[in-house]
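S.K.: Take this structure first; my questions come after.
The values are calculated or read from the model by the stated rules, or taken from the named source; none is laboratory data. The shown structure was predicted, so the numbers you read here are calculated from the model rather than taken from an experiment. Cβ sites come from the backbone with ideal geometry, for glycine too, and all protein chains shown count toward neighbours.
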Amino acid sequence: MKRYYWLCFLFLFAFWGLQCHPQHELFAYYSATKATASTTIDSTKAQLGRYLFYDTRLSANNTKSCATCHAPELAFSDGYRRSTGIYGDNTQHNAPSLLNLNTYTAMNWATPHLQTIAQQVVRPLLDTIPLEMGAHGNEQRIYARLTTDSVYATLFPKAYPNTTQAIHFDHIVESISQFVATLQSRNSLIDQYNLSPNHLLPPEVAAGKALFEGKAGCATCHSGKDFNTPEQGSRYANLGLYNCNDGYPKEDYGIAERTQKMEDNGKYRIPSLRNVAITAPYFHDGSAATLKEVLQIYENGGRKVESGTCIGDGRNNPNRDKRLPVVKFSVEEKQQLLAFLYALTDTSYLRNKAFMNPFLW
Ligand code: HEC
Ligand code: HEC
């Protein structure tokens with residue numbers, strides 16, 4: 001009998017692990033893991049996904065759709081530091097843009113293990129911590145709502161023929177993911193210039209570009225077609241934004257929440273800089289209000305926090321990334337860098353009806 005004691009411990013730990021695991025991983029059985037939305041797009045599914053993306057009926061109390069937190073006019077972000085779920089819960093992070101995710105290899109600010117769009121899309125729908133749309137436990141009610149709509153009576157069977165239950169969360173997650181993967185728009189002034197270098201850039205933008213790629217050291221991390229790929233090293237970095245108890249706030253400390261490694265404390269994904277002019281506020285927690293403030297932080301080599309719950313000098317954070325430049329900007333240079341960042345704006349997608357709310361257009 002005695003030698004089986006260890007089994008009890010094993011069960012205890014297994015159970016404890018389940019309890020402590022973020023809820024969303026319990027939903028891994030939804031086909032989210034199967035769908036590889038980032039590569040191939042099925043237009044029938046994407047068309048259905050477009051309706052679902054803008055449909056508040058997918059949330060438990062009919063109040064929020066994906067577009068509530070990912071609004072097209074803000075490059076599919078929401079303008080808040082953190083977003084709020086249907087019952088007022090705050091999300092852990094700032095809502096990012098959903099444009100051009102098709103080439104991404106990891107979702108979100110700090111979840112390197114979520115590698116496909118579908119793996120993320122399941123979370124706001126069915127997660128309970130934080131509760132975003134609250135569909136979990138309300139699946140049947142939601143199916144009933146969708147069944148009564150004549151649009152869905154056509155679109156679901158068209159996208160999912162030969163299935164006994166076309167209206168199902170497996171299909172909802174997959175079709176929304178397909179729609180999200182279609183949201184591509186790379187038509188900024190800088191793209192136009194890159195496509196045809198004869199295209200003249202305004203002098204201020206050209207000077208900003210030279211600074212970005214040169215002295216300011218930004219391209220070391222913000223490189224590649226979406227300005228989110230480092231020239232070398234990790235795709236995650238600590239900018240020295242906080243330093244309390246040798247780290248970031250205990251409720252939000254980067255990929256270390258997953259890896260449990262000290263050296264990962266405060267590391268977040270290097271974000272794309274496309275459309276930054278319209279996706280304020282900035283950083284993983286929306287803690288910088290303007291691009292000017294962001295530049296000031298780079299120039300200072302981090303941020304000194306003097307009030308709140310995480311007082312300390314981020315510049316001394318032991319994990320501050322070695323790739324960060326030591327650099328001072330003149331007023332003119334700051335203007336030039338800003339002009340370059342503004343030139344990464346592309347709102348041409350707003351004229352693309354296929355991206356917009358189908359209930360209105
Ligand atoms: C309550 C606000 C809210 C709602 C509703 C919401 N999201 Fe999000 N979304 C966020 C936040 C916040 C993040 C960032 C999460 C993180 O990094 O921890 C995010 C991240 C994402 C990402 C990853 C983007 C990236 O850059 O990696 C995708 C894709 C996404 N959401 C799609 C959706 C879809 C599709 C829906 C509807 C089913 C949806 N979201 C509903 C707030 C929301
Ligand atoms: C060591 C890599 C690295 C370098 C070098 C770097 N960045 Fe960043 N950048 C990041 C990371 C990581 C974040 C997100 C940090 C966070 O949220 O905690 C970020 C965030 C930003 C943001 C906010 C984006 C958003 O959507 O919130 C802007 C703007 C930005 N960087 C511009 C620049 C500019 C301009 C330079 C050059 C002066 C630069 N970066 C240099 C890694 C880097």
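S.K.: List the pairs whose first member sits in the stretch 96-115 and is within 15 Å of Ala71 (Cα to Cα), whose second member is more than 6 Å from ligand 1 (Cβ to nearest atom) and of a type in the set (Val, Ile, Thr), and whose Cβ atoms are under 7 Å apart, counting only residues at least 6 apart or on separate chains?
M.R.: Once the first residue is within 15 Å of Ala71 (Cα to Cα) and sits in the stretch 96-115, its partners that are more than 6 Å from ligand 1 (Cβ to nearest atom) and of a type in the set (Val, Ile, Thr) give Ser97/Thr279.
S.K.: Out of all the residues in the stretch 255-303, which are closer than 15 Å to Asn238 by Cα, within 6 Å of ligand 2 (Cβ to nearest atom) and not in a helix (DSSP H, G or I)?
M.R.: Answer for the stretch 255-303, where residues must be closer than 15 Å to Asn238 by Cα, within 6 Å of ligand 2 (Cβ to nearest atom) and not in a helix (DSSP H, G or I): Tyr268, Ile270, Pro271, Tyr282, Phe283, His284.
S.K.: From Gln140, Gln120, which residue is within 10 Å of ligand 1 (Cβ to nearest atom) and not β-branched (Val, Ile, Thr)?
M.R.: Gln120
S.K.: Okay, next question. Scan the stretch 213-224 and give yes if some residue there is of a type in the set (Val, Ile, Thr) and outside any helix (DSSP H, G or I), otherwise no.
M.R.: No, the conditions are met nowhere in the stretch 213-224.
S.K.: Something else now. Give Lys158, Lys225 a once-over and let me know the one that is among the basic types (Lys, Arg), surrounded by fewer than 20 Cβ atoms within 10 Å (Cβ to Cβ) and more than 27 Å from Tyr104 (Cα to Cα).
M.R.: The match here is Lys158.
S.K.: Please name all residue pairs, on different chains or six or more residues apart, with Cβ atoms under 9 Å, provided the first residue is in the stretch 38-67 and is at negative phi and the second residue is within 16 Å of ligand 2 (Cβ to nearest atom) and in a loop (DSSP other than H, G, I, E, B).
M.R.: Qualifying pairs under 9 Å: Ser38/Tyr104; Ser38/Thr105; Phe53/His70; Cys66/Phe76; Cys66/Leu98; Ala67/Phe76.
S.K.: I've got another one for you. Would you be able to say whether some residue in the stretch 256-263 is within 15 Å of ligand 1 (Cβ to nearest atom), among the basic types (Lys, Arg) and in contact with a Lys or Arg (Cβ under 9 Å, 6 or more places away or on another chain)?
M.R.: Scanning the stretch 256-263 turns up no residue that is within 15 Å of ligand 1 (Cβ to nearest atom), among the basic types (Lys, Arg) and in contact with a Lys or Arg (Cβ under 9 Å, 6 or more places away or on another chain).
S.K.: Here is a follow-up. Regarding His136, is this residue surrounded by fewer than 21 Cβ atoms within 10 Å (Cβ to Cβ), touching a residue at least 60 places away in the same chain (Cβ under 8 Å), assigned to a loop (DSSP other than H, G, I, E, B) and touching a Leu at 6+ places or on another chain (Cβ under 8 Å)?
M.R.: So His136 fits the description; yes.
S.K.: As an exercise: evaluate Lys304 against (1) touching a helix residue (DSSP H, G or I) at 6+ places or on another chain (Cβ under 7 Å); (2) touching a residue at least 12 places away in the same chain (Cβ under 8 Å) and give the number of the one condition it does not meet.
M.R.: (2)
Yes/no matrix, rows are residues, columns are (1) outside the structural domain of Ser65 (by TED's automatic domain parsing); (2) under 28 Å from the mean Cα position of the chain (by Cα):
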position	(1), (2)
Leu146	no, yes
Asp149	no, no
Ile167	no, yes
Asn198	yes, no
Glu213	yes, yes
Ala216	yes, yes
Cys221	yes, yes
Tyr236	yes, yes
